[in-house]
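This report refers to the structure that appears directly beneath it.
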Amino acid sequence: MKIQWKKLIVCLAVPLAVGGLSALLTRGSMETFEAIAKPPLAPPGWLFPVVWTVLYVLMGIASYLVLTSGKPNGLALFVYGVQLLLNFFWPLFFFNMQAYLFSFVWLVLLWLLILAATVLFFRISKPAGYLMIPYLLWVAFAGYLNLSIYLLN
């Protein structure tokens, strides 16, 4: 299979841009994160941008595999786009508004959409589905952190 470079670059750029803009709008969020009570297993603040960058790259590759699969992919890419939109807003609710309970509910909805996108991606391209699993797991872990932070603060 020949790599379609323009499509790959766009597929990588979209989630990275979503994450980058969200990070820009939540500047100073790690100071907030450091100041609040956190549960056991809470990673250090510096780890979040590293993990999210890796996850956005994996998501971009997954969406590229679906896009270039030659199979019907409209619903899968739509659900993927909707979950990206929810992903964008979660840090704004959590860090900027400090609406921890609302953020948790939002995160549960996000997780369900990621699960749906992952299942749809698997149906089109098994490698694309596998590339979404780390994202699904990380958001589940983020749910643990989010709910715990709500309960502790």
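The values are calculated or read from the model by the stated rules, or taken from the named source; none is laboratory data. Values in this document were obtained by computation on a predicted structure and should not be read as measured data. We place every Cβ from the backbone using ideal geometry, glycine too, and count neighbours over all the protein chains shown. What goes into the accessible areas is simple: the full protein's heavy atoms, side chains included, and nothing from ligands, DNA or RNA. Shrake-Rupley method; radii C 1.70, N 1.55, O 1.52, S 1.80 Å.
Taking the chain as the reference, fit the longest principal axis to its C-alpha atoms, fit the long axis of helix 126-152 to the helix C-alpha atoms, and give the angle between the two in degrees, 0 to 90, nearest 10.
Its long axis makes an angle of about 10 degrees.
Grab the Cα-Cα distance for Tyr150 and Leu25, subtract it from 0.36 nm times how many residues apart they are, and report the gain in nm with one decimal.
Net length gain for the segment: 42.8 nm.
Return the distance in nm (one decimal) between the two label points of a simple spin-label model at Val108 and Leu75, each offset 7 Å from Cα along Cα→Cβ.
Going by the 7 Å Cα→Cβ label model, 2.5 nm.
Can you give the extra length, in nm with one decimal, that the chain gains between Ala37 and Ile133 once fully stretched, where that is 0.36 nm per residue apart less the Cα-Cα distance?
31.7 nm
Leaving out ligands, DNA and RNA, what percent of the accessible area of the chain is carbon and sulfur, probe 1.4 Å?
Numbers: 6260 of 8160 Å².
Carbon with sulfur: 77 percent of the solvent-accessible area.
Run the simple label-point estimate for Leu16 and Leu92 please: 7 Å along Cα→C-beta, distance reported in nm.
With each label point 7 Å from Cα toward Cβ, the separation is 2.3 nm.
Return one number: the angle in degrees, 0 to 90 and rounded to the nearest 10, between the long axis of the Cα atoms of helix 74-91 and the longest principal axis of the Cα atoms of the chain.
Here the helix axis deviates by roughly 20 degrees.
Over the alpha-carbon set of the stretch 10-153, work out the extent along each principal axis and list the three values in angstrom, largest first.
Sorted largest first, the three principal extents are 49, 24, 22 Å.
Tell me the per residue accessible area of the chain using a 1.4 Å probe; a whole number in Å² is fine.
Accessible surface, normalised per residue, equals 53 Å².
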